[in-house]
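What follows is a set of notes on a single structure, which appears directly below.
Any read-out appearing in this document is the output of simple, stated calculations on the displayed coordinates, not a laboratory observation. Keep in mind that this is a model prediction, so the values were computed, not measured. Cβ coordinates were reconstructed from backbone atoms using ideal geometry, including for glycine residues, and neighbour counts include every protein chain displayed.
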Amino acid sequence: MAQAGMLNNRRFTLHWENQSAFCEAFPTLVPSMNLFENHSGILTCGGGSVAADMILSIIAKDHGNELAALVADMCIHARKNSDHVPQKSSIAHMIGNRNKALIAVLELMKNNLEEPLGLNEMTKAAGISHRQIERLFQHYLGTSPKRFYSDLRLERGHVLLGETNLSVMEIASACGFSVGHFTNRFKKRYGVSPRDYSAQWRIN
């Protein structure tokens, strides 16, 4: 759909796990994080059980909430009444903590993978000291901020290698690594070089 130009100037979505690779392939298109979208005749959703939510929303629009509720009950499906429910759990929910400074730093990390921020920049933005954020990461996440940030970028590289045809150099750059550093870290974590991992996906 993107290649055919069908998503230009339209709201759309796809599964959160595939969004990084999609944005690398189509940098001018920005998917939403909603469960599903219905815009200008284009229906898209995040997949899985969300397809049922999208169908129920269409039934409700065309035939009313009562029929949509009956269909949901028939399918034993707990209906989500809005498309504006985010696909992913909040960071606070995932880490089981609502510490504002910790969440602020994690959000900054998540939103700055290609051009990583320095820890001083992040702690200043979060209004907390370097020492305090080190303690929070160790206490709640069992690792250092530097290691966590590096792993986050490495995971993005892992996704891009499996879902795009970008070169190892392009992917390393998209994750804020030099090629050598990316290759070493990737092989240490996943037991295979980025190039060989990408080749396996192409063969499969």
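The table for this structure:
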| read-out | value |
| --- | --- |
| Gain in span if fully extended, Ala51 to Trp201, counting 0.36 nm per residue against the direct Cα distance | 51.3 nm |
| The chain - mean residue ellipticity at 222 nm from DSSP helices (-39,500 (n - 2.57) per run, n ≥ 4, rounded to 500) | -17500 deg cm²/dmol |
| Cα-projected label distance for Ala69 with Val179, points at 7 Å along beta-carbon direction, nm | 6.2 nm |
| Per-residue HN-Hα couplings for the stretch 138-153 [Karplus 6.51, -1.76, 1.60; θ = phi - 60°; Hz; x = Gly/Pro] | 5, 6, 9, 10, x, 7, 8, x, 4, 5, 4, 5, 5, 5, 4, 5 |
| Estimated FRET transfer efficiency (His77, His39; beta-carbon r; R0 25 Å; 0.05) | 0.60 |
| Point-to-point label distance, Arg147-Glu134, nm (Cα→Cβ direction, 7 Å offset) | 1.4 nm |
| Under Karplus coefficients 6.51, -1.76 and 1.60, residue-wise ³J(HN,Hα) of the stretch 160-177 in Hz, glycine/proline x | 5, 5, x, 10, 9, 9, 5, 6, 4, 5, 5, 5, 4, 5, 5, 10, x, 10 |
| Length gained when the stretch Met169-Leu29 is fully extended (0.36 nm per residue, less Cα-Cα span) | 48.1 nm |
| Per residue convex hull volume, Cα atoms of the chain, in Å³ | 164 Å³ |
| Calculated diffusion of the stretch 126-185, Stokes-Einstein form, Kirkwood radius summed over Cα pairs, 20 °C and 1.002 mPa s, µm²/s | 168 µm²/s |
